Amino acid sequence: MKLHKVTAATATVFALALTATACGSDSDSGSGDSGGKKITVGIKYDQPGLGLKTPDGKFTGFDVDVANYVAKELGYDTVEFKETKSADRETALARGDVDFIAATYSINDERKQKVDFAGPYLLAHQDLLIRSDDNVAKGEDLNGKKLCSVTGSTSAQNVKKDFAPNAQLQQVGTYSECMAALQSGAVDAVTTDDSILAGFAAQEQYKGKFKLAGLKLSNENYGIGVKKGDQAMVDKINAALEKMVKDKAWNKAVTDNFGPANYKNEPAPKIGNIVK
């Protein structure tokens with residue numbers, strides 16, 4: 001929970017993404033059965049700008065673009081996307097349900113006991129989304145204000161524990177509900193990773209209405225999760241991520257997915273450099 005010319009390689013990646021999403025909305029697959037090499041990737045389905053399954057069955061977002069690029073570099077021409085919710089990620093890898101996961105998967109010591117990580121490929125921070133005419137200079141300013149996050153999230157608890165113990169915390173089922181509450185004035189702020197918040201703020205119906213407070217309340221190093229012990233896969237994915245940064249496809253993916261929210265992202269992180 002820090003960017004905001006399309007090369008031939010980039011065009012190929014997005015051509016793959018379009019091919020992957022053109023075949024039916026009644027399947028979790030991001031592609032049709034082309035008969036080629038297929039890889040299964042875990043993503044989120046409900047995070048605009050990162051991992052989103054649209055009503056017509058397509059997949060969009062920064063994590064999706066990263067996954068498509070990596071899959072192509074690994075030699076796969078067909079990508080099947082499977083929804084992998086936060087609580088299910090480790091189990092999905094251990095069972096072999098997915099080959100790797102790109103789903104706002106923050107690298108931490110506890111998770112590294114169960115899975116291996118390539119990356120990180122994005123450094124995010126816990127932040128607040130507020131109305132465009134509001135200002136929050138520091139976490140303490142939330143004391144007495146209404147704060148929204150999803151049930152089970154650590155983000156809201158972190159704010160109450162570390163910054164604003166008198167914030168009025170409201171927990172709901174989805175961030176979409178938080179966004180509706182923020183728009184109506186029922187709450188004063190929504191909190192989670194700034195990348196997730198930027199994705200919501202970039203949606204057409206929200207453009208210009210909300211902004212990130214820019215508080216950087218934590219460091220969230222997004223990694224690509226693979227099955228524990230598969231170092232060969234980690235090495236291959238790391239090589240693909242390094243190439244994605246080098247040929248500027250990474251920059252384009254950030255701009256395409258977060259640009260409308262004026263997301264002040266960090267530069268592409270170096271592989272293996274975990275910011276505490």
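The values are calculated or read from the model by the stated rules, or taken from the named source; none is laboratory data. This one's a predicted model, so the numbers in the text were calculated from it and none came from an experiment. Cβ placement follows ideal geometry from the backbone for every residue including glycine, while neighbour counts extend to all protein chains displayed. What goes into the accessible areas is simple: the full protein's heavy atoms, side chains included, and nothing from ligands, DNA or RNA. Shrake-Rupley method; radii C 1.70, N 1.55, O 1.52, S 1.80 Å.
Key figures
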{"read-out": "Members of segment 232-276 found to be more than 16 Å from the chain's Cα centre (by Cα), of a type in the set (Val, Ile, Thr) and in a helix (DSSP H, G or I), listed by number", "value": "VAL234, ILE237, VAL245"}
{"read-out": "Pairs where the first residue, in segment 77-88, is closer than 16 Å to THR60 by Cα and open to solvent by less than 70 Å² (accessible area, probe 1.4 Å) and the second is among the aromatic types (Phe, Trp, Tyr) and part of a strand (DSSP E or B), C-beta under 9 Å, 6+ apart", "value": "VAL79/PHE59; PHE81/PHE59"}
{"read-out": "Hey, SER132 open to solvent by 10 Å² or more (accessible area, probe 1.4 Å) and hydroxyl-bearing (Ser, Thr, Tyr) or not", "value": "yes"}
{"read-out": "Qualifying residue in segment 46-53 (condition: more than 23 Å from THR151 (Cα to Cα) and either assigned to a strand (DSSP E or B) or of a type outside the set (Gly, Ala, Ser) (or both))", "value": "no"}
{"read-out": "Residue within segment 65-88 that is more than 26 Å from ASP235 (Cα to Cα), of a type outside the set (Ser, Thr, Tyr) and touching a Ser or Thr at 6+ places or on another chain (Cβ under 7 Å) present", "value": "no"}
{"read-out": "Tabulated pairs, segment 240-252, first within 15 Å of ALA71 (Cβ to Cβ) and open to solvent by 60 Å² or more (accessible area, probe 1.4 Å), second modelled with pLDDT of 95 or more and part of a helix (DSSP H, G or I), C-beta under 7 angstrom, 6+ apart or interchain", "value": "LYS243/GLU73"}
{"read-out": "Candidates GLY229, GLY208, filtered to the one that is open to solvent by 10 Å² or more (accessible area, probe 1.4 Å), farther than 23 Å from SER86 by Cα, in a loop (DSSP other than H, G, I, E, B) and not acidic (Asp, Glu)", "value": "GLY208"}
{"read-out": "Residue list for segment 113-156, filter: within 30 Å of LYS227 (Cβ to Cβ) and in a helix (DSSP H, G or I)", "value": "THR154, SER155"}
{"read-out": "Selection count, segment 157-191, where residues are assigned to a strand (DSSP E or B) and surrounded by 21 or more Cβ atoms within 10 Å (Cβ to Cβ)", "value": "3"}
{"read-out": "Condition met for ALA94 (part of a helix (DSSP H, G or I) and either open to solvent by 10 Å² or more (accessible area, probe 1.4 Å) or modelled with pLDDT under 95 (or both))", "value": "yes"}
{"read-out": "Index of the failed condition, ILE196 passing every other in (1) over 18 Å from the mean Cα position of the chain (by Cα); (2) part of a helix (DSSP H, G or I); (3) of a type outside the set (Ser, Thr, Tyr)", "value": "(1)"}
